[in-house]
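Beneath this line is the structure, given in structure tokens, with notes to follow.
The values are calculated or read from the model by the stated rules, or taken from the named source; none is laboratory data. Since the model is a prediction, treat every value here as computed from it, not as a measurement. Here the Cβ positions follow ideal geometry from the backbone for every residue, glycine too, while neighbour counts run over all protein chains shown.
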Amino acid sequence: MVAEAPRYRYRVDASDVLVWVNDAWIAFARENGAAGLVPPFVLQRSLWDFVAGEELRTLYREIHSRVRLSGIPAVLPFRCDSASLQRHMRLTITREDAGQLAYECILVRTVAQRHLDILDTEPRRSIAFLTMCSCCKRALLEPRGWMDLEEVCLRLKIFEAQEVPQLRHTVCHECAKVLAGASDHGSGS
Ligand SMILES: [Zn+2]
């Protein structure tokens, strides 16, 4: 790890259209093989094109409204995992002039994990669905509830399978509470 964590920054205008990304963000997208996430394909597009799952979009729209109205920044933990690396990130959304919002993501820590095919883009997908929280990357295994993705893969024998389930993105109850409280004055816990 470098001494100072890079800060991934981008900005949306009053209509939530991406108008600027910084070099660190471009480099991060490149390193992760997201060739489609370079400026010509990102700028002037709606932020919501890149947010997976209706629940998460709804919660973030509410955060946008609150930050624009109150001017109080929202601080949110989230995960941006690759197949073999947990990335614990922290996002700060700040109000700027003319209804713009500045996003800043910092990598707080990384934890190596057993390679999870289900997070790769390549493997064949079965017709089964697995529900995953977009924020904490836990998966839903009824009747037990939300569990670490690796644990769920073990229990469902996904490591041995030829095909992996498709992912359905949602937001778990705990993360929804955190998102709903983000930027609310004094109710951060
Ligand atoms: Zn969650």
- Message: Can you name every one of the helices (runs of 4 or more DSSP H) wholly within the range 1-111 that holds 2 or more residues which are modelled with pLDDT of 95 or more?
- Response: 54-70
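May I ask you to say which residue of Arg66, Arg30 is surrounded by fewer than 16 Cβ atoms within 10 Å (Cβ to Cβ) and more than 16 Å from the chain's Cα centre (by Cα)?
Details: Arg66 fails: surrounded by fewer than 16 Cβ atoms within 10 Å (Cβ to Cβ).
Just a single option satisfies the conditions, and that option is Arg30.
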- Query: So which residues in the range 93-120 are surrounded by fewer than 17 Cβ atoms within 10 Å (Cβ to Cβ), of a type in the set (Val, Ile, Thr) and under 16 Å from the mean Cα position of the chain (by Cα)?
  - Reply: Ile106, Val108, Thr110
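Only one of these is within 16 Å of the ligand (Cβ to nearest atom), farther than 22 Å from Phe28 by Cβ and among the basic types (Lys, Arg): Arg138, Arg114. Name it.
Details: Arg114 fails: within 16 Å of the ligand (Cβ to nearest atom).
Only one candidate passes the filter, namely Arg138.
Conditions (1) among the polar types (S, T, N, Q); (2) within 15 Å of the ligand (Cβ to nearest atom); (3) at pLDDT 90 or above, marked per residue:
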| site | (1), (2), (3) |
| --- | --- |
| Leu149 | no, yes, yes |
| Leu154 | no, no, yes |
| Glu160 | no, no, no |
| Arg168 | no, yes, yes |
| Cys175 | no, yes, yes |
| Ser183 | yes, no, no |
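Suppose we filter Leu85, Leu130, Leu140 for residues that are touching a strand residue (DSSP E or B) at 6+ places or on another chain (Cβ under 7 Å), crowded, with 18+ Cβ neighbours inside 10 Å and of a type outside the set (Gly, Ala, Ser); which single one remains?
On the way: Leu85 fails: crowded, with 18+ Cβ neighbours inside 10 Å; Leu140 fails: crowded, with 18+ Cβ neighbours inside 10 Å.
Just a single option satisfies the conditions, and that option is Leu130.
Take the range 94-110 and flag every residue that is of a type in the set (Gly, Ala, Ser) and more than 24 Å from Ala27 (Cα to Cα).
Filtering the range 94-110 for residues of a type in the set (Gly, Ala, Ser) gives 98-99, 102.
Within the range 94-110, Ala98, Gly99 meet the criteria.
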